[in-house]
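The values are calculated or read from the model by the stated rules, or taken from the named source; none is laboratory data. All figures in this text were calculated on a predicted structure; none of them were measured in a lab. Cβ sites come from the backbone with ideal geometry, for glycine too, and all protein chains shown count toward neighbours. With ligands, DNA and RNA removed, areas are computed over all heavy atoms of the protein, side chains included. Shrake-Rupley method; radii C 1.70, N 1.55, O 1.52, S 1.80 Å.
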Amino acid sequence: TVIDAACLEEKASNFLCGIYIDSQNAGAAFCDISTGKTHLTAFSGPDRVEHVVNELGRFSPAEAVVNDGASSENGGEGRFRLAEAERNIRRQFGEEAFDRLPRTNPAAAMALGGLLHYLYETQKTDLSHINDLDYYEQGRFMELDLTARRNLELTETLRDREKRGSLLWVLDKTKTPMGGRLLRSWL
């Protein structure tokens, strides 16, 4: 996990993600360890995997922690247990944070719990700055599939995969890295 500012693009977030998928539900958690901002969502139904793929395209995480239902190569199913997830979420975001998550779809909590377990296991430093949890439900934002996102060239060009020539390049007149990350997240 790269967290050294010298190795990162300063106007782009560096997300880690946790993905939990089972036969009915899917959850996706995205955390920018450098800023402490965490996003969380859940999906149900037959198109749940498609929605998770769209979220992966939206956040472009550098690393992913997934349960066995999402990938049989991880072997980290234990980090996605609901009881441990609840304990980690309450520890990191406060006692009331777990209560704000949907009871009907535990995949969101399990995705975030798996991600937090991974961070505790690998970071060995104080993670108290990770305290901003944004849970959002399907339909809150316009969802673009991965193909549409690429073809619109929102953050990089289709041919060269560079920022120059994209919509972000045209609009980005920000002076600070924080402003650049905010504009990118709006797009």
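Observations, loosely collected:
- Cβ-Cβ distance of A148 and S44, R₀ of 22 Å, FRET efficiency by 1/(1 + (r/R0)^6): the value works out to about 0.45.
- Solvent exposure of the chain as accessible area per residue, Å², 1.4 Å probe: 56 Å²
- Theoretical gain in end-to-end length, D22 to L158 [0.36 nm per residue, Cα-Cα removed]: 45.6 nm
- Residues whose placed amide H lies under 5 Å from that of A64, excluding near-sequence neighbours: C17
- The chain - percent of accessible surface contributed by carbon and sulfur, probe 1.4 Å: 51 percent
- Distance (nanometres) between label positions extended 7 Å along Cα→Cβ at S60 and K175: 2.6 nm
- Proximal lysine pairs, the chain, alpha carbons under 22 Å, eight or more residues apart or interchain: 8
- Highest-first arrangement of 150-157, 115-122, 138-145, where packing means the average Cβ count within 10 Å: 115-122, 150-157, 138-145
- A helix-only calculation puts the chain at -10000 deg cm²/dmol for mean residue ellipticity at 222 nm, using -39500 (n - 2.57) for each DSSP H run of at least four residues, averaged over all residues.
- Peptides 163-171, 60-68, 23-31, ordered by how many other C-beta atoms sit within 10 Å of their residues on average, highest first, read 23-31, 60-68, 163-171.
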